[in-house]
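The values are calculated or read from the model by the stated rules, or taken from the named source; none is laboratory data. In this text, all values refer to a predicted model and were calculated from it rather than measured experimentally. Neighbour counts are summed over all protein chains in view; Cβ atoms, including those assigned to glycine, are modelled from backbone coordinates with ideal geometry.
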Amino acid sequence: MTDLDLRLVRYFTTVASHLHYGRAAAELHIAQPSLSRQISQLEAQVGARLFDRTRQGTRLTEAGEAFLPHARALVRSAQQASAAARAAARPARITVGYTAGLIVTPVVRNLRHKHPDADVRTLHVKWNEPREALLGRRVDVAITRMPLQTDCLDVTVLYDEPKVLLVPVGHRLAGKESVTLDDIEGEPIPRFPDPEWDAYWRIDPRPGGRPAPGGPPVETIEDKLEHVAAGQAVAIIPAALHTGATRPDLTTVPLRGVEPGHVVVATRSGDRSRLVITFRASARDCMTA
């Protein structure tokens with residue numbers, strides 16, 4: 001049995017993709033006559049002709065058609081093996097992303113204790129950035145809130161988080177024991193540009209299908225706080241997001257009759273690095289509402 005030359009297999013898949021030796025040679029940065037010889041060498045190793053070359057062009061033979069999916073799998077497997085080896089050879093590093101009002105310190109401390117050799121970093125990301133930061137590899141894990149588009153991500157709910165009503169200290173509802181959606185039926189609520197996020201935090205539509213009141217457009221949490229402080233709107237927010245120490249002109253009131261929010265840990269789908277696995281487990285153990 002002859003061992004296949006992986007380099008030749010890669011050449012074959014490139015020619016098969018283009019069905020043109022000239023274009024394939026240009027992509028591979030080799031001369032076309034050399035590529036032809038390499039393919040002939042592979043055909044000798046396989047024991048079958050893989051391409052037919054005619055005046056009409058290049059096409060796969062039946063043997064080539066049968067060989068192609070296996071050849072592509074070989075190339076893909078080799079690339080994955082190389083990537084895994086490179087990842088294992090690098091110094092252990094993980095970047096933990098988190099959004100406003102969420103404290104990741106206990107999880108990070110636990111991870112550093114379990115892996116003292118690891119380089120554990122933290123990065124604050126904006127409310128609408130966790131998914132982009134994960135898929136763009138700015139962070140390796142993210143502690144954030146729903147809603148979050150979960151395709152290409154592994155997402156686990158850590159705990160439920162009550163929703164509260166944020167109002168200026170002089171508002172008619174300030175100091176109430178609790179309020180309901182009926183109490184803010186006519187109150188404007190700031191609108192975010194992301195439709196899913198906007199509908200979720202404005203609770204739109206309201207029970208029974210009626211639309212939520214409109215409100216001033218905002219793009220940042222800070223802008224939302226300014227509108228509320230100015231008396232132009234009220235806002236539904238996570239309970240952990242507001243602290244009176246930073247904005248004494250704002251206060252919160254418990255909001256009854258609404259589903260709680262969800263704090264989650266998110267990672268890239270299929271990421272099985274030891275630090276990511278340990279962090280996910282630590283987050284489930286360390287983080288509570």
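Here are a few things to note about the model shown:
- Matching residues, the stretch 142-154, being surrounded by fewer than 18 Cβ atoms within 10 Å (Cβ to Cβ) and closer than 19 Å to residue 240 by Cα: 146, 147
- Within the stretch 179-197, tally of residues that are in a loop (DSSP other than H, G, I, E, B) and either without any contact (Cβ under 8 Å) to a residue 24 or more places away in the chain or charged (D, E, K, R) (or both): 3
Conditions tested, residue by residue: (1) under 31 Å from the mean Cα position of the chain (by Cα); (2) among the acidic types (Asp, Glu); (3) within 20 Å of residue 144 (Cβ to Cβ); (4) not assigned by TED's automatic domain parsing to the domain that holds residue 125.
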{"site": "170", "(1), (2), (3), (4)": "no, no, no, yes"}
{"site": "196", "(1), (2), (3), (4)": "yes, yes, yes, yes"}
{"site": "212", "(1), (2), (3), (4)": "yes, no, no, yes"}
{"site": "251", "(1), (2), (3), (4)": "no, no, no, yes"}
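- Residues that are touching a Ser or Thr at 6+ places or on another chain (Cβ under 8 Å) and either of a type outside the set (Gly, Ala, Ser) or in a helix (DSSP H, G or I) (or both) within the stretch 200-246 comprise 237, 242, listed in sequence order.
- Filter pass, residue 102 being in the same structural domain as residue 132 (by TED's automatic domain parsing) and either within 30 Å of residue 265 (Cα to Cα) or of a type outside the set (Asp, Glu) (or both): yes
- Only listed residue being touching a Gly at 6+ places or on another chain (Cβ under 6 Å) and among the β-branched types (Val, Ile, Thr), chosen from 104, 125, 108, 120: 125
- Residue ID - modelled with the lowest pLDDT, chosen from residues in the stretch 247-289 that are charged (D, E, K, R) and in a helix (DSSP H, G or I): 274
- Answer from 157, 139, 169, 125 - the residue that is β-branched (Val, Ile, Thr), within 21 Å of residue 238 (Cα to Cα), surrounded by 19 or more Cβ atoms within 10 Å (Cβ to Cβ) and touching a strand residue (DSSP E or B) at 6+ places or on another chain (Cβ under 9 Å): 125
- Residues (within 11 Å of residue 166 (Cβ to Cβ) and hydrophobic (A, V, I, L, M, F, W, C)) located in the stretch 229-281: 229, 233, 234, 235, 236, 237, 239, 241, 250, 253, 255
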